[in-house]
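Before any comments, here is the structure.
Taken together, the values in this text are just the output of simple stated rules run on the coordinates, not laboratory data. Fair warning: this is a prediction, and the values are worked out from it, not measured in the lab. Quick reminder, even Gly has a Cβ in these numbers, built from the backbone with ideal geometry, and neighbours come from all protein chains shown.
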Amino acid sequence: MREKSIELLNKSIAEEMSALNQYMFFHFHCDDQDYSLLSALFKKVAIEEMIHVENLADRILFLKGEIVMEASQKVKQITDVKGMLQFAIDSEEEAIIDYNNWAIECSKNADSVTKSLFESLVVDEERHYGIFDSEMDKLKKFGDQYLALQSIEGSKALGQV
Ligand SMILES: [Fe+2]
Ligand SMILES: [Fe+2]
């Protein structure tokens, strides 16, 4: 039971680290383009992915495994907002599928605590999916006005408007 769980937990850490790196990259670029609201959103979700890494690592150590801190993918150089949101939506969807499957696998291996951990991650990833999906809906609906509003809100926050 332990070895399979440790393998799945390390695979999850690799996915989470990829998401974390990619969302921070998006955060930097949104910031650079003055899209403050989206910039803050990517940072907030990136921090949640980092907490996922922590929870997964804690479980690996409890099972007496070793943590492999390597991202599964390199950061993609996506700098347009639509591309960023599409990437985030696809990543969250993949995570939801993987964690659901891995929860079932842990259940088969009689590791109910790791199963619960994966289930709790599914709850968070579904929430992330919902956040990015609703931003994408707004972008499709309002187009450039959506991006302009992002920028104006940023200026307001800085007390410039
Ligand atoms: Fe996550
Ligand atoms: Fe996520």
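What the table shows:
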item: Net lengthening on full extension, Asp34/Ile67 (0.36 nm per residue, minus Cα-Cα); result: 8.2 nm
item: With at most 14 neighbouring Cβ atoms within 10 Å, loop GluC sites (Glu not before Pro) (DSSP) excluded, longest segment of the chain; result: 71-161
item: Highest-MSF residue in the chain out of Val75, Val53, Val113 [GNM, Cα springs under 10 Å]; result: Val113
item: DSSP H segments from the chain that extend 24 Å or more along their own axis, Cα-based, with Kyte-Doolittle mean of -1.0 or above; result: 2-32, 36-62, 81-108, 112-142
item: For the chain: relative contact order, % (alpha-carbon pairs under 8 angstrom, 6 or more apart); result: 29 percent
item: Net lengthening on full extension, Asn100/Ile152 (0.36 nm per residue, minus Cα-Cα); result: 14.8 nm
item: Too-long pairs where the Cα-Cα distance tops 18 Å, listed order kept, from Lys44/Lys74; Lys82/Lys156; Lys4/Lys64; result: Lys44/Lys74; Lys82/Lys156
item: Candidates Met136, Met84, Met69: whichever shows maximal mean-square fluctuation once the chain is modelled as a Gaussian network with Cα springs under 10 Å; result: Met69
item: Summed side-chain charge close to Val113 - residues other than Val113 whose Cβ falls under 12 Å, Lys, Arg +1, Asp, Glu -1; result: 0
item: R0 of 22 Å, Cβ-Cβ distance Lys74-Lys4: FRET efficiency to nearest 0.05; result: 0.20
item: Simple spin-label estimate for Lys11 and Lys82 in nanometres, 7 Å along Cα-Cβ; result: 3.4 nm
